[in-house]
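Remarks on the structure that follows.
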Amino acid sequence: MAHSTRWRRSARRLPSLPPRLGFVRRAVLEPIETYVRTIPDSALLKYDEAEASRLFSKFWVATPAYFREQPLDPWIIGEIEGRDLYALIAQWDAADVPGTA
């Protein structure tokens, strides 16, 4: 029960890309099970803890970007069980992880 209480308290609204005149925002969502790039250990530990909490029905790797620009740093997000809500689980700098950038 300690895990679920912690996740309820720490769940926050996902930050979004700020609007930029002349640029279209987008995000690529992939199920974490099929994500082929390297995920750092620190992000995988947060994912493991979130999965153990049993509050989330599905996990995604989201890669936000502006149309025609390099994608930004990936996020792991969790879909909250029984709701149309998502929580940011982990975020990492793609440039620091081989096979991610």
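Observations
- Enumeration of residues in the range 37-71 that are within 12 Å of the chain's Cα centre (by Cα) and either closer than 17 Å to residue 27 by Cβ or of a type outside the set (D, E, K, R) (or both): 39, 43, 44, 47, 50, 58, 59, 60, 61, 62, 63, 64
- Long-range neighbours under 7 Å by Cβ, at least six apart or interchain, first residue of a type in the set (Lys, Arg) within the range 22-45, second at pLDDT below 95: 25/17; 25/66; 26/65; 26/67; 37/99; 37/100
- Residues located in the range 36-77, provided they are more than 12 Å from residue 90 (Cα to Cα), crowded, with 16+ Cβ neighbours inside 10 Å and at pLDDT 90 or above: 53, 55, 56
- Members of the range 1-35 found to be in a loop (DSSP other than H, G, I, E, B), under 14 Å from the mean Cα position of the chain (by Cα) and either modelled with pLDDT of 60 or more or on the phi > 0 side of the Ramachandran plot (or both), listed by number: 35
The values are calculated or read from the model by the stated rules, or taken from the named source; none is laboratory data. Keep in mind that what you see is a predicted model, and the values were worked out from it rather than measured. When we count neighbours, we look across all protein chains shown, and the Cβ atoms used for this are built from the backbone with ideal geometry, even at glycine.
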